[in-house]
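Remarks on the structure that follows.
Derivation of every value follows stated rules applied to the coordinates shown; laboratory data play no part. Given the structure is predicted, the values throughout are model-derived calculations rather than measurements. With ideal geometry, Cβ positions are generated from the backbone for all residues, glycine too; neighbour counts draw on all protein chains shown.
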Amino acid sequence: MEEGATKGSTGSEVPPWFPAGLTDQAYQPSAFSEGLPSPWGRFYGWDWTLATSPTWWNQSSSTTWGQWPRDVSEVHLLEHTRHSVILDLDGQFIAHLFPFPTGHDVSTLALFQPWREALSTAPLLMPIGGMKHEHGDMAVIYPHHDYQPVESQQPRVLADNLGQLHEPLAAFATPNTERRWNERLKSIEGHLKTTTLWRAPHTRNVLGLPAIYPTMLVKGSDIIRFIPAPRPLMDHLLCEDERLPGAAMMGRLEQRLALIGRFDSSDERQDFYETWARHLPSSWSSPSAISTVNGGLWIWRYEAILLMLAEARAYGLENQMKQCEGWLNDVSRIQARLGELRSMHGLRKTGLLSALATVVITWDSQNWSGLPGVVIVTMLTMAGIGHLLYQRRLPSPY
């Protein structure tokens, strides 16, 4: 059995990209185009096995774009991953097949000229061709290269390169869509039937970016380059597609690395985010933008864990499922802390407003040495205590 492969409904081995835990339909690629039923909605695919024959590549098609391989004589299956089937074409190209298309995120990077030009110097291997249909990208073509999983690289290096990748996309950032981001969470929670409910009042400095989902790296190059993947199937099934902040993409990468033990302390997590942030506008990582009270980094960690829990259920990843459920058990503790902070914020706000009201009421007499003075001092003291407690109890973003 290949790494990550699972058992299908008939007990036979299936590739790691086939969500055997999500559908009772047998693994039969020729039937993918008819759609597979699941508790989270029907999803559609195509018969990827046709692409293992040179004949398939040498047929003309109106759905191809860019530099499509011609006169292919040899096709070698290299690997099944969680997202794709990877082929070697004549030792000249590497092709990624997506048996269950989930959108046009990868092809758009190459076909939308403003993004392509902006990313020309970014650490990203841009696809040179591909094939797509109404449901999304079926295949993308790259120049020949060796590759390795993202998780094989050091977190700090990944953060630095992801910052360089997001830097040119900052020019295409879109305004805060807090309501829709929270609707995404509601949808995911509803499908998974989790007991946790969490929403965030994001600040105006939390902006959306064009989607890039890096899951592989080019191997053997002096410069680290990401290989983009399509939108994950779980994301596609559970919620609407939205432009998410860079912090959301960082949260997904951080949680993926955390579950395999790549962070030993909160200091390492802080360094991870600060390394990424130094390439980007300072407002994106300002204290208010990353504050847990405003959702900050924690809300994106939460969304990442929810999606990884969905992934674990869909692909039968028992250990990952236990890790995600354990993480979610701590959400109530964080939410209780946020409830305390709201009370403390109310205390300091009440103290300041009461002191101000007393000054206004007694302004004409300007006699603050008696009872009014005592009230003012008491209210300011209450506000000061509330502020100190608030700062002490504020959860670290990291």
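What you get for the chain, charging only the Cβ of Lys and Arg (+1) and of Asp and Glu (-1), is a dipole of about 1680 debye around the Cα centre. In plain terms, the chain from Gln25 to Glu325 could stretch by 105.3 nm, reckoned as 0.36 nm per residue minus the Cα-Cα distance. Quick one: helix 331-361 against the long Cα principal axis of the chain, what's the angle to the nearest 10°, folded into 0 to 90? Roughly 30 degrees between the two axes.
Please pull out the direction-averaged projected area of region 131-279, using the convex hull of its alpha-carbon atoms, in nm² to one decimal place. Intermediate values should be presented prior to the final figure.
Working: hull surface 42.7 nm².
So the Cα hull casts an average projection of 10.7 nm².
Kirkwood hydrodynamic radius of the chain, from the reciprocal of the average inverse Cα-Cα distance over all distinct pairs: 23.5 Å.
When the helices of the chain are scored as -39500 (n - 2.57) per DSSP H run of n ≥ 4 and the total is divided over every residue, the value at 222 nm lands at -13000 deg cm²/dmol.
Of the chain, which part is the longest with no GluC sites (Glu not before Pro) in a loop (DSSP not H, G, I, E, B) and with at most 13 other C-beta atoms within 10 angstrom? Walk me through the intermediate numbers first.
Details: sites that count: Glu2, Glu3, Glu74, Glu134, Glu240.
Segment 241-398 is the longest.
Taking a point 7 angstrom from the Cα of Ile334 along the C-beta vector, which residues in region 255-276 have backbone N less than 12 Å away? Counting backbone N atoms under 12 Å from the label point, the list is 255.
Given contacts defined as C-alpha pairs under 8 Å and at least six residues apart, what's the relative contact order of region 105-198, whole-number percent? Display every interim value, and only then the final one.
On the way: 60 pairs, mean separation 21.4, N = 94.
Computed over region 105-198, the figure is 23 percent.
Label-to-label distance, Arg156 versus Glu13, with points set 7 angstrom from Cα along the beta-carbon direction: 4.0 nm.
Comparing Gly295, Gly45, Gly384 in a Gaussian network model of the chain where C-alpha atoms under 10 Å apart are linked, the largest mean-square fluctuation is found at Gly384. Close lysine pairs were tallied over the chain: pairs 8 or more places apart or on different chains with Cα atoms under 28 Å apart number 5. With K and R counted +1 and D and E -1, the other residues having a Cβ less than 12 Å from that of Ala258 yield a net charge of +1.
Relative to the dominant Cα principal axis of the chain, helix 246-258 is inclined by about 70°. For the pair Ser286 and Leu77 in one chain, pulling the backbone fully straight at 0.36 nm per residue adds 70.6 nm over the alpha carbon distance.
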